[in-house]
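Some notes on the structure that comes next.
Quick note: the coordinates plus some simple rules give every number you see, no bench work behind them. Just so it is clear, the structure is predicted and the values come from calculations on it, not from any experiment. Glycine gets a Cβ as well: all are built from the backbone with ideal geometry, and neighbour counts include every protein chain shown.
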Amino acid sequence: MSLHIPFDNSYAALPDAFYTRLDPTPVSKPQMLAWNDALASDLGITGSDATVFAGNIVPKGAAPLAQLYAGHQFGNYNPQLGDGRAILLGEVIDKSGTRRDIQLKGSGPTPYSRMGDGRAWLGPVLREYVVSEAMHALSIPTSRALAAVATGDPVYREQGALPGAVLTRVAASHLRVGTFQVFAHRGHIDELRTLADYAIARHWPDADGPMGLLSAVCAAQAELIAAWMSVGFIHGVMNTDNCTISGETIDYGPCAFMDAYTEGRVFSSIDQMGRYAYGNQPRIAVWNMAQLATALIQLFEDKDKAVEDATAIVHAMPNQLQAAWLRRFGAKIGLNSATADHQPLIEELLALMQTDGADFTNTFAALGTDSARDQFSDRDAFDAWAQRWQATNPDINLMARTNPQIIPRNHRIEAMIEAAVAGDMGPFERLTKALATPFRATDPDLHRPPNTDEIVPATFCGT
Ligand code: AMP
Ligand code: MG
């Protein structure tokens, strides 16, 4: 069946200041490695074609463009980033009526590439495919993966020549905090207003003006970060250009799920200061929202009043984060409506886990069974905790719906990539299949934490 994508493009109708129109750069030998049939069907896409998702042919109805944005990277403002290796093909309206972006990532250089080659190698493409689809199966807002195509061309990274690939990413949009920052910093107020109106119409139609938009994004980001925390996810590069207006997780670079629980865990090799450590993510989300607030304030005549209103909204976020954290971690130990009184019970368990390096996922998944106890060397301390916990009458069914049995463990992802580079997509297929039903205990070996020699100490940004 020939490919049909029912494009309905709105971003391409915005003024030229928002993007540069250009086609993807063709590759030598497109080969479809992974195709997400269920997602294609949700998007109303029929057929599939490696040459289109490699960027060699622009499909009918597409309006290819690279989006402009800026952003704070590790706290420093970079006045111009933009899609340096991505091309937005266009948008479709999915079966539930939601507008979704269809974007190629790794599709060749653009005017925003700076020193980069505009390409991606197979490893990070498959990593993003697996992890974003796992996030979706965990019901955490995220961009999705529609296709992974091998290009047949080498990509040169620190490790040497690597096989190139293109990922087709689907997102509620690719609007970021950095999209607002670029116009605010340039003093381009008309564009900033157009963007705010566009974001409200597309994502938060109930929001009342820019302050309403800020409130909505703060609330969505607070929920998102609490959701990440609840599954032990570390994003790794929470720069403002990787922080969405829709509240979806985006940009899976050096991200990882923790094995042993460590509050200060960092994976990203370039995050020397631990800015984006597991336990720092709530604070960083608030910092990112303060940057969005700073940009949106430019839209108001009465700056003092705008600063006051925006400050109140951003300052409300720690409480929102805390409430969402308590609800999610309460559910993890079987509490339907956890209150502040339950907080010490949760924190004491986490403290015990940290002391003993207990596996985050497996401890919660096994709570109430002997194998939870096996995670701890200080059994007496755990037993004392478990006794107090049992007194709360935990809801076992709630726990089973809340605590995943299986997460994309780093050592499994690395092994999957190694196999794929050698031409074997078997581990990729097995991993994606198991991760599609994360609350079911299948494939015992995929649940196992890494042995000492399997631990992946860091993830690399050289994507
Ligand atoms: P990221 O860390 O992936 O969010 O990327 C930050 C910025 O660097 C974005 O503007 C990307 O488009 C750009 N970038 C990352 N990798 C490349 C590459 N290989 N070629 C061109 N631009 C890139
Ligand atoms: Mg990015």
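Treating each Cα of the stretch 337-394 as an identical point scatterer and summing with the Debye formula, the log10 of I(q)/I(0) at q = 0.18, 0.29 Å⁻¹ comes to -0.57, -1.40.
The helix-only estimate of mean residue ellipticity at 222 nm for the chain, built from DSSP H runs of length n ≥ 4 each weighted as -39500 (n - 2.57), is -12500 deg cm²/dmol after division by the residue total. Calculation over all alpha carbon pairs of the chain in 20 angstrom steps from 0 returns a P(r) of 24, 56, 19, 0 percent. Across the chain, the mean sequence separation of Cα contacts (distance under 8 Å, 6 or more residues apart), normalised by length, yields a relative contact order of 14 percent.
Each peptide in 73-84, 378-389, 248-259, 329-340 gets a packing score, the mean of other Cβ atoms within 10 Å over its residues, and the list from highest to lowest is 248-259, 329-340, 73-84, 378-389. Label-to-label distance, Asn336 versus Ala312, with points set 7 angstrom from Cα along the beta-carbon direction: 3.6 nm. For the pair the stretch 251-292 and the stretch 148-183, the centres of their Cα atoms are 21 angstrom apart. Across the alpha-carbon atoms of the stretch 11-171, the computed radius of gyration and Dmax are 15.4, 44 angstrom.
Shown for Leu349, Leu3, Leu89: other C-beta atoms within 10 Å of each C-beta, ranked fewest to most, produce the order Leu3, Leu349, Leu89. In this label model, Lys60 and His411 are separated by 5.1 nm, measuring between points 7 Å along each Cα→Cβ vector. For the peptides 199-208, 287-296, 45-54, 22-31, the ranking by packing is 287-296, 45-54, 22-31, 199-208, with the highest mean count of neighbouring Cβ atoms within 10 Å listed first.
Close amide H partners of Asp153, meaning residues 5 or more places away or on another chain with modelled amide H under 5 Å apart, are Ser28, Lys29, Gly164. Legend: distances between Cα atoms for Lys60/Lys95; Lys60/Lys105; Lys95/Lys332; Lys105/Lys303; pairs beyond 30 Å are Lys95/Lys332; Lys105/Lys303. Per-peptide packing, taken as the mean over residues of other Cβ atoms within 10 Å, places 169-178, 404-413, 136-145, 268-277 in the sequence 169-178, 404-413, 136-145, 268-277 from highest down.
3J(HN,Hα) along the stretch 175-187, derived from phi through the Karplus expression 6.51 cos²θ - 1.76 cosθ + 1.60 where θ = phi - 60°, amounts to 5, 10, 4, x, 5, 6, 4, 4, 6, 4, 5, 7, x Hz, with x in place of Gly and Pro.
Find the centroid of the Cα atoms in the stretch 390-448 and in the stretch 53-107, then give the distance between the two in whole Å. The stretch 390-448 and the stretch 53-107 have Cα centres spaced 29 Å from each other. Taking 8 Å as the Cα distance limit and 6 or more residues as the minimum spacing, I'd like the relative contact order of the stretch 11-171 as a percentage. Dividing the mean separation by the residue count of the stretch 11-171 yields 26 percent.
Site pair Gln390 and Ala17 shows an inter-label distance of 6.6 nm when each label is modelled 7 Å from Cα along Cα→Cβ.
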